[in-house]
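Have a look at the structure below, then the notes.
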Amino acid sequence: MTGVKRKNQGMYLLLWVGIGMTMATIAANRMFASGLVDYQLLYQYLQQGWQNTANGDWKCVCRILMIRVAQTAVIELLCRSRLHRLTVPLLLIWAGCGAGLSLVLMTWRQGFLGLFVFLVSIFPHQIFYGAAWGILLIKCLSGYEARRHRFWGAVTALLLFGILLEVHVNARLLSLFSFCG
């Protein structure tokens, strides 16, 4: 596969994430502004999860592990589906919606500092998750055949690094913002 084709596939994936993020940003702003959804309550729930993870609560660590493994399994199942050309954009829109909702929630709760908290909350673990899931999606869309053990070894290693960073590094970074809650 040529470099230009891979670049175009990457842009295709980012386009769908961007569409989902835009849709969620608009919807969340409308829901928070109208009072339909209490953003203070949502933020408290999110902050409690961060604090539990920073304190080393094993239930939170197991929940993160199960969620990330389930997300990867869903991506793999959707890619094996005959309708993967339709389901992959829907999956990416859903991922963008999650990011958009988080961005709006943190901005509503903390203003300009919320933008910084959003960036810290998705860094650095999302780099590894994005790489693992991106590998799966690009393999799916391109029909690229990889050596099974090496391919899944790379995906598993990226997921494990992401989980370790989310549980240890990200939790510590976010605990620095406990004064803002």
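Here are the numbers for this structure:
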read-out	value
Debye, to nearest 20: dipole size of the stretch 17-124, +1 on Lys, Arg Cβ, -1 on Asp, Glu Cβ	300
Dipole-positive endmost among Cys97, Ala70, Ala33 within the chain (Cβ charges, Cα centre)	Ala70
Nearest-0.05 FRET efficiency for Leu36 and Leu164, computed from C-beta distance (R0 35 Å)	0.40
In nm, spacing of pseudo-spin labels at Asn29 and Phe123 (7 Å Cα→C-beta vector)	2.3
Residue with peak Gaussian network fluctuation, the chain [Cα springs, cutoff 10 Å], from Trp152, Trp50, Trp108	Trp152
Förster radius 41 Å - calculated FRET efficiency between Gln48 and Phe151, Cβ distance, rounded to 0.05	0.65
Relative contact order computed over the chain (Cα-Cα under 8 Å; 6+ residues apart), in percent	33
Theoretical FRET efficiency, 1/(1+(r/R0)^6), r = Cβ-Cβ of Cys62 and Leu14, R0 30 Å, to 0.05	0.45
Among Phe116, Gly56, Gly18 - extreme Cα towards positive end, dipole of the stretch 1-125, charges at beta-carbon	Gly18
Computed [θ] at 222 nm, helices only, for the chain once each DSSP H run of length n ≥ 4 contributes -39500 (n - 2.57)	-28000 deg cm²/dmol
Dipole magnitude of the chain, debye to nearest 20 (Cβ charges: Lys/Arg +1, Asp/Glu -1, about Cα centre)	680
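Read the figures in this text as sums done on the coordinates, not as results from a lab. Nothing here was measured: the structure is a model prediction, and the numbers come from that model. Glycine also receives a Cβ, built like all others from the backbone with ideal geometry; neighbour counts cover every protein chain displayed.
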